[in-house]
1. Could you say which residue among Ala63, Ala87, Ala28 is touching a Cys at 6+ places or on another chain (Cβ under 8 Å) and at pLDDT 95 or above?
2. Can you tell me which residue in the range 56-97 is nearest to Leu45 (Cα to Cα), limited to those that are touching a residue at least 60 places away in the same chain (Cβ under 8 Å) and in a strand (DSSP E or B)?
3. Which of the following residues is surrounded by 12 or more Cβ atoms within 10 Å (Cβ to Cβ) and at positive phi: Glu60, Glu82, Glu33?
4. Mind listing whichever residues of the range 20-37 are farther than 17 Å from Phe83 by Cβ and not charged (D, E, K, R)?
5. Any residue in the range 28-42 that is closer than 17 Å to Asn97 by Cα and assigned to a loop (DSSP other than H, G, I, E, B)?
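The values are calculated or read from the model by the stated rules, or taken from the named source; none is laboratory data. Keep in mind that this is a model prediction, so the values were computed, not measured. With ideal geometry, Cβ positions are generated from the backbone for all residues, glycine too; neighbour counts draw on all protein chains shown.
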Amino acid sequence: MILNTINKSDISSTSLLACLATMTNEDALLLLEDGVYAAQSASVLPSMIPAGVTLHVLQEDLAARGISDRISPDFIRVDYREFVSLALQCDKIVSWN
């Protein structure tokens, strides 16, 4: 399983689209920093994700941007400790910048 991390907004970067094109149904996606904006309920992101991919968002970054209450229920909120645990479960981590 690959953990794909996105730290740029889907508005300002094409990293998210490039990431989605490579993901398989066993992978995981973690949005952090400005990447958390793609987890908002109004985003089309969940409909673009292959079935089986787990979606995660870093809750500290949601809080820092004031959007905690606007996140799609498709995302699992994780803190830093859970982020580390998730990273240890994966065979590989790919950071998309």
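1. One residue alone meets the criteria, Ala28.
2. Applying the filter and picking the extreme gives Trp96.
3. Exactly one residue qualifies, and that residue is Glu33.
4. Residues satisfying the conditions are Leu20, Ala21, Thr22, Met23, Thr24, Asn25, Tyr37.
5. Within the range 28-42 (the criterion being closer than 17 Å to Asn97 by Cα and assigned to a loop (DSSP other than H, G, I, E, B)), the answer is yes, since at least one residue qualifies.
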